[in-house]
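To start, the structure under review is shown below, and the notes come after it.
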Amino acid sequence: MLRIAVCDDEEKQLNEIAELLETYFQSRHSLKGQVETFRSGGLLLDQAAVAGGFDFYILDILMPELNGIETGRRLRALGEGGEIIYLTSSNDFAADSYDVRAFFYLLKPVDENKLFQVLDRAVKKLNQRRNSAIVVATADGPRRILLEHIRYVERVGRCMRYYCTDDVVDSQSIRASFREMAAPLLADRRFCLCGASFVLNFQHVTGVSGQTALLDNGQAVSLPRTAATEFKKAWGNYWLTE
């Protein structure tokens, strides 16, 4: 089930986008979707904070009180990683949309074919992210872990410890180097090696302050002093090109 939030202060525009999304789901028979509409960024943020976020956010930029850019910033601060698609009648905010790692920026009036193309690309990216996984040998047997669930990995004693969104998983004793064992993660551009025995997932990092990486669960992780500067640069580059 694909969950999409649409936020626009104009009811007519809100209904038009919702209708386009219904048409989109009807034309993509393998997709099932749920669309929720919001008349303000504040209402959307309240919903995301209480009931969890959405896969995609379609946000109008020019809204009173809380505009789309600030709504996007606050969603990211909540740890929401859903793709953001901005709608607006002005080109003036295109640069600002990069601050919140926006997936795309569409001008009004929204062209149906263009919107559908953007959604197809976003769905493809989402499916790739959801299906990517590794298998970890643990004391209880093989364990399949989705890459998107891994916040970071470190070496603890003779095992690899995977800190995930729903669990902490320890591997069996490893005989190869940490870098060799982490190779399947490092082959994915979401992951970055920090020092000799620490890997972080950019997707779960909301900010970097000095030698500290701030994660989407509120945790602060210390970075090796020699790796902090390079990590901050790599994290910024990741979101600029994502």
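Read the figures in this text as sums done on the coordinates, not as results from a lab. Worth saying up front: this structure is predicted, and the values here are computed from it rather than measured. Positions of Cβ are generated from backbone atoms using ideal geometry, with glycine treated the same way; all protein chains shown enter the neighbour counts.
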Stretch gain in nm, segment TRP239-ASP167, where the contour uses 0.36 nm per residue and the Cα spacing is subtracted = 23.3 nm
Hey, quick one: spin label on GLU65, modelled 7 Å out along Cα-Cβ, who in segment 22-46 has an amide N within reach, i.e. under 20 Å?
-> 36-46
Run the quick spin-label model on LEU146 and ASN15: label points 7 Å from Cα toward the beta carbon, then report their separation in nm to one decimal.
-> 3.6
Most mobile of TYR152, TYR24, TYR86 in a GNM of the chain (Cα contacts under 10 Å) | TYR24
At 7 Å along the Cα-to-beta-carbon direction for both ASP46 and ARG101, put a label point, then send me their distance in nm to one decimal.
-> 2.7
If a/c stays under 1.5 just call it rounded; otherwise compare a/b with b/c (prolate if a/b is bigger, oblate if not). Do that for segment 1-58, with a ≥ b ≥ c from the square roots of the Cα gyration tensor eigenvalues.
-> oblate
Farthest toward the dipole's positive end in the chain, which of CYS164, ALA139, THR206, given Cβ charges of +1 (Lys, Arg) and -1 (Asp, Glu) about the Cα centre?
-> ALA139
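Near ASP170, within a Cβ-to-Cβ distance under 14 Å, what is the net charge of the other residues, with Lys and Arg +1 and Asp and Glu -1? It would help to have the intermediate numbers written out before the result.
Numbers: positive: ARG143, ARG155, ARG158, ARG161; negative: ASP140, GLU154, ASP167.
So the surrounding residues net to +1.
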Put a dot 7 Å past each Cα toward the Cβ at ALA77 and GLU230; how far apart are the dots in nm?
-> 3.3
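Trypsin sites (Lys or Arg not before Pro) within segment 169-242: which are DSSP loop residues with at most 15 other Cβ atoms inside 10 Å? Don't jump to the answer; show the numbers that get you there.
On the way: sites: ARG175, ARG179, ARG189, ARG190, ARG225, LYS232, LYS233; in loops: ARG175, ARG189, ARG190, ARG225.
Counting only loop positions with at most 15 other Cβ atoms within 10 Å, the trypsin sites (Lys or Arg not before Pro) in segment 169-242 are ARG175, ARG189, ARG225.
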Segment 154-193: relative contact order in percent, alpha carbon pairs under 8 Å with at least 6 residues between = 26
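For segment 1-122, calculate the relative contact order in percent as a whole number, restricting contacts to Cα pairs under 8 Å that are 6 or more residues apart.
Details: 181 pairs, mean separation 28.2, N = 122.
With pairs under 8 Å counted, the relative contact order is 23 percent.
Considering Cα pairs under 8 angstrom that are at least six residues apart, work out the relative contact order of the chain and quote it in whole percent. List each step's numbers first, then the result.
Details: 370 pairs, mean separation 28.4, N = 242.
For the chain, the relative contact order is 12 percent.
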For the chain, modelled as a Gaussian network with Cα springs under 10 Å, which listed residue fluctuates most, PHE198, PHE103, PHE25?
-> PHE25
Among beta bridges that DSSP assigns inside the chain, antiparallel share in %, nearest 5 | 60
